[in-house]
Amino acid sequence: GLSDKPEVIRSIIMATALHNIEGDQRLSDKDGVGGIDASAAIAIVERGDWSDEFISSSADFPKTRYVYAYAGEQVRIVINWLSNPNASYSTDMLPADLDLTVYRADGSTFVQGSYSFGNNFEIVVFVAPATETYVFKVTAFNYSGSGTWLGTAWWRGKYRIAPDTGNFSSDAPPLGHHLSVYPASWGQGDYWRSFAIRSNSSDHDLELY
């Protein structure tokens with residue numbers, strides 16, 4: 001289903017280039033946005049944490065998306081949009097300069113933003129300060145060309161499990177959900193208690209490592 005969506009594929013790969021080889025983890029002169037992690041990219045596809053949309057100068061901006069994250073999880077969000085070459089491919093212009101901004105659940109408290117220019121992508125990386133649904137908005141700083149396609153992908157990593165916090169999935173992906181426990185979140189008096197409920201029409205397993 002993604003074979004005709006290069007803008008989405010690129011966003012997925014960039015969102016899961018998690019190996020920070022050198023320098024800044026978002027925009028480095030030597031390793032770009034990081035080294036590719038193909039397993040993480042597959043997980044994004046299985047989770048459905050991506051979107052694709054046709055946009056134009058008359059589109060209603062901002063384009064708003066939502067991602068839920070637990071406090072302490074690192075979130076990466078990437079957008080990509082396509083250029084518009086002419087019939088002879090002698091010119092290949094970007095039709096727009098788009099920006100990406102992330103807000104807390106109230107939709108107005110600023111978290112992180114990406115406002116580069118001269119390229120066709122933006123990327124934000126932040127550690128969730130609280131357990132809530134974050135709002136990220138795509139805005140058009142400038143739109144001077146014809147319509148194009150906008151692809152978006154986001155990565156929450158291994159879902160963080162904290163005391164008295166549950167994890168619910170209405171449709172577990174084939175690789176399952178990878179859950180991570182942070183020792184600093186748990187006192188000596190805390191104990192593990194895990195269970196999973198599934199319908200009898202499917203088969204899921206629960207494992208502790």
(Q) Quick check for you: with a 1.4 Å probe and neighbouring chains kept, what is the accessible area per residue of the chain, in Å²? (A) 59 Å²
Q) How big is the gap, in Å, between the Cα center of segment 136-153 and the Cα center of segment 68-115? A) 8 Å
Q) Which residues' amide hydrogens lie under 5 Å from the amide hydrogen of Val33, considering only partners 5 or more residues apart or on another chain, with H built in the peptide plane? A) Ser28
Q) What dipole magnitude, in Debye to the nearest 20, does segment 27-107 give about its Cα centre under +1 on Lys/Arg Cβ and -1 on Asp/Glu Cβ? A) 100 debye
**Q.** With every protein chain in place, segment 74-172: carbon and sulfur % of accessible area (1.4 Å)
**A.** 52 percent
Q: Add +1 for every Lys or Arg and -1 for every Asp or Glu among the other residues with Cβ under 15 Å from the Cβ of Gly32, and state the total.
A: -2
Q: Just add up the charged neighbours of Ser51: K/R +1, D/E -1, any other residue whose Cβ is under 11 Å from the Cβ of Ser51.
A: -1
Q. From the backbone phi of segment 132-144, what are the Karplus-calculated ³J(HN,Hα) couplings (6.51 cos²θ - 1.76 cosθ + 1.60, θ = phi - 60°) in whole Hz, Gly and Pro given as x?
A. 5, 8, 8, 10, 10, 10, 9, 10, 9, 5, 7, 9, 10
Q. In a GNM of the chain with a 10 Å cut-off on Cα contacts, which of Ala69, Ala59, Ala40 has the highest mean-square fluctuation?
A. Ala59
Q) Residue by residue through segment 12-28, which ³J(HN,Hα) values in whole Hz follow from phi under the Karplus form 6.51 cos²θ - 1.76 cosθ + 1.60 (θ = phi - 60°), with glycine and proline marked x? A) 4, 5, 5, 5, 10, 7, 8, 7, 7, 6, 7, x, 5, 7, 10, 9, 9
Q. How many nm separate the modelled label positions at Thr109 and Leu208, each set 7 Å beyond the Cα in the direction of the Cβ?
A. 3.3 nm
**Q.** Charge tally in the Cβ shell below 11 Å around Arg156, where Lys, Arg are +1 and Asp, Glu are -1, Arg156 excluded
**A.** +2
Q) With the chain treated as a Gaussian network of Cα nodes joined by springs under 10 Å, which of Asp31, Asp52, Asp60 yields the largest mean-square fluctuation? A) Asp60
**Q.** Cα-based Kirkwood hydrodynamic radius, segment 45-151, one decimal, Å
**A.** 14.8 Å
Q. In the Gaussian network model of the chain, springs joining C-alpha atoms below 10 Å, which of Arg160, Arg76, Arg65 carries the largest mean-square fluctuation?
A. Arg65
Q) Under 5 Å between amide H atoms, partner at least 5 residues away or on a different chain: which partners does Gly72 have, H built in plane at 1.01 Å? A) Ala128, Ala130
Q. Extension gain Glu22-Ile36, at 0.36 nm per residue separation less the Cα-Cα distance, in nm?
A. 3.7 nm
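The values are calculated or read from the model by the stated rules, or taken from the named source; none is laboratory data. No experiment lies behind these values; they were computed from the predicted model shown. As a convention, Cβ positions derive from the backbone with ideal geometry for all residues, glycine included, and neighbour counts pool all protein chains shown. Accessible surface is based on the protein model in full, side chains and every heavy atom, while ligands, DNA and RNA are left aside. Shrake-Rupley method; radii C 1.70, N 1.55, O 1.52, S 1.80 Å.
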